[in-house]
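For reference, the structure is listed below as structure tokens.
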Amino acid sequence: MSYDIYFLSRRDGQSWDEVLEAMEDAAQDSGPIPAELLAAWQRIVPQARTLLGDVEIAEDGQESRDLSHSGTGVDLSVFGDEVSITVPYWHVGDGAATVLGKVFALSAIVEKETGLTAYDPQVEMPLAEMPPQQATGIMSRVTSDLRNRYGG
């Protein structure tokens, strides 16, 4: 399980539910990463390294790109024309606030470089409209719940 951020393009008058539905439909027909997204990836990676430090990069031909940070579990993925950030439910309290602060900063970089909007499906709103404390609370509660249920 992970805390997810999706990067979406919404037309005027289109609801977020419609955007998410279109994203799910498009996922079945994923093709190569569009050229403009590959160019954005090249600009995002050095900024992500500055923000997170040592990261691992994985590339699968023209289909996908992945940037992962082992210390936090933060993962930025591009698959076809889909972009997302995930972070596992490992963090609570101040640790959750620190990691999600990095996720919010990375999301701002991705938004700037791609022109897409960071959307938080946990609260069903754009990331820019959500106070960081709300994400920290969700991360902490879910992590604590999972630890209580499964140990760790």
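Looking at Thr72, is it among the hydroxyl-bearing types (Ser, Thr, Tyr), under 24 Å from Pro132 (Cα atoms), in contact (Cβ under 8 Å) with a residue 60 or more places away in the chain and touching a strand residue (DSSP E or B) at 6+ places or on another chain (Cβ under 9 Å)?
no
Tally up the residues in region 1-13 that are surrounded by 13 or more Cβ atoms within 10 Å (Cβ to Cβ) and more than 15 Å from Leu127 (Cα to Cα), please.
Within region 1-13, residues that are surrounded by 13 or more Cβ atoms within 10 Å (Cβ to Cβ) and more than 15 Å from Leu127 (Cα to Cα) number 1.
Of the residues that make up region 136-145, is at least one under 30 Å from Arg11 (Cα atoms), modelled with pLDDT of 90 or more, under 13 Å from the mean Cα position of the chain (by Cα) and of a type outside the set (Gly, Ala, Ser)?
no
Say whether the condition of being assigned to a strand (DSSP E or B) and either without any contact (Cβ under 8 Å) to a residue 12 or more places away in the chain or surrounded by 18 or more Cβ atoms within 10 Å (Cβ to Cβ) (or both) is met by at least one residue in region 87-99.
yes
Of all residues in region 15-37, which are surrounded by 15 or more Cβ atoms within 10 Å (Cβ to Cβ), in contact (Cβ under 8 Å) with a residue 12 or more places away in the chain and in a helix (DSSP H, G or I)?
Selection gives Trp16, Val19, Leu20, Met23, Leu37.
Could you tell me whether region 104-122 includes any residue that is closer than 19 Å to Ile44 by Cβ, part of a helix (DSSP H, G or I) and among the basic types (Lys, Arg)?
Taking every residue of region 104-122 in turn, at least one turns out to be closer than 19 Å to Ile44 by Cβ, part of a helix (DSSP H, G or I) and among the basic types (Lys, Arg).
The values are calculated or read from the model by the stated rules, or taken from the named source; none is laboratory data. Every value quoted in this text rests on a predicted model; they were computed, and no experiment measured them. Counting neighbours? That spans all protein chains shown, and the Cβs are built from the backbone with ideal geometry, glycine included.
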